[in-house]
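Q: Next up is a structure, given as structure tokens.
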Amino acid sequence: QVHLVESGGGLVQAGGSLRLSCIAPGRSISTYVMGWFRQAPGQEREFVAAIYWPVNWRDVGDSVKGRFTISGDNARKTLYLQMNNLSPEDTAEYYCVAGSRPFTRDPQAFGSWGQGIQVTVSS
């Protein structure tokens, strides 16, 4: 289990941008499969993006491809989700996750979840 802390959420107008950040206090995230999921009220959890640096693997969900980018800082201590051209459909609680199995979008593969952070996009 890894303790994860998200930041950077908030309210933004449609077409705007936000960058979410996630840290695991006191440790590097370089050896974990790191990712983001989101969940809107009344909807199922949705895969957003994931990254695993040791094998240079990166995956982005179909609904956000071309608009969202997952990355990390050079020290591999902070995970980012850059979100551009946001739409009201992106409104959701966003969760930073960590796991040990790459090449999957299955939420069950990610054993550690942050508390979540709200992103609201107004029209």
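Q: Considering segment 31-49 alone, what residues qualify as being in a loop (DSSP other than H, G, I, E, B), more than 10 Å from Leu79 (Cβ to Cβ) and open to solvent by less than 70 Å² (accessible area, probe 1.4 Å)?
A: Once the filter is applied, which keeps residues that are in a loop (DSSP other than H, G, I, E, B), more than 10 Å from Leu79 (Cβ to Cβ) and open to solvent by less than 70 Å² (accessible area, probe 1.4 Å), segment 31-49 yields only Ala40.
Q: Still on this structure, please answer the following. Can you tell me which residues in segment 90-107 are in a strand (DSSP E or B), open to solvent by 40 Å² or more (accessible area, probe 1.4 Å) and not acidic (Asp, Glu)?
A: The answer is Tyr95, and nothing else.
Q: If I ask for residues that are in a loop (DSSP other than H, G, I, E, B) and either open to solvent by 10 Å² or more (accessible area, probe 1.4 Å) or more than 15 Å from Glu46 (Cβ to Cβ) (or both), which ones from segment 108-123 would you list?
A: Gly111, Gly114, Gln115, Gly116, Ser123
Q: Next question, about the same structure. Can you tell me how many residues within segment 70-103 are in contact with an Asp or Glu (Cβ under 9 Å, 6 or more places away or on another chain) and without any contact (Cβ under 8 Å) to a residue 12 or more places away in the chain?
A: Summing the residues that are in contact with an Asp or Glu (Cβ under 9 Å, 6 or more places away or on another chain) and without any contact (Cβ under 8 Å) to a residue 12 or more places away in the chain in segment 70-103 gives 0.
Q: If you don't mind, there's one more thing I want to ask. I need the full set of residues from segment 14-30 which are touching a strand residue (DSSP E or B) at 6+ places or on another chain (Cβ under 8 Å) and open to solvent by 50 Å² or more (accessible area, probe 1.4 Å), in order please.
A: Listed by number, the residues that qualify are Ala14, Ser17, Arg19, Ile23, Pro25.
Q: Turning to a different aspect of this structure: Determine whether Val12 is in a loop (DSSP other than H, G, I, E, B) and among the hydrophobic types (A, V, I, L, M, F, W, C).
A: No: the conditions fail for Val12.
Q: When you scan segment 52-73, do you find a residue that is open to solvent by 50 Å² or more (accessible area, probe 1.4 Å), part of a strand (DSSP E or B) and of a type outside the set (Val, Ile, Thr), even just one?
A: Yes, because at least one residue in segment 52-73 is open to solvent by 50 Å² or more (accessible area, probe 1.4 Å), part of a strand (DSSP E or B) and of a type outside the set (Val, Ile, Thr).
Q: Against the definition (farther than 18 Å from Ala40 by Cα and out of contact with any Pro (no Cβ under 8 Å at 6 or more places or on another chain)), how does Pro102 come out, yes or no? Steps first, answer last, please.
A: On the way: farther than 18 Å from Ala40 by Cα: yes; out of contact with any Pro (no Cβ under 8 Å at 6 or more places or on another chain): yes.
Here the answer is yes, as Pro102 does meet what is asked.
Q: Does Phe37 count as on the phi > 0 side of the Ramachandran plot and among the hydrophobic types (A, V, I, L, M, F, W, C)?
A: So Phe37 fails the test.
Q: Filter segment 74-89 down to the residues that are touching a Lys or Arg at 6+ places or on another chain (Cβ under 8 Å) and either part of a strand (DSSP E or B) or open to solvent by less than 70 Å² (accessible area, probe 1.4 Å) (or both) and list them by number.
A: Tyr80, Leu81, Gln82, Met83, Asn84, Leu86
The values are calculated or read from the model by the stated rules, or taken from the named source; none is laboratory data. These numbers were taken from a predicted model, which means no experiment stands behind them. Please note: Cβ atoms are built from the backbone with ideal geometry, for glycine as well, and neighbour counts cover all protein chains shown. What goes into the accessible areas is simple: the full protein's heavy atoms, side chains included, and nothing from ligands, DNA or RNA. Shrake-Rupley method; radii C 1.70, N 1.55, O 1.52, S 1.80 Å.
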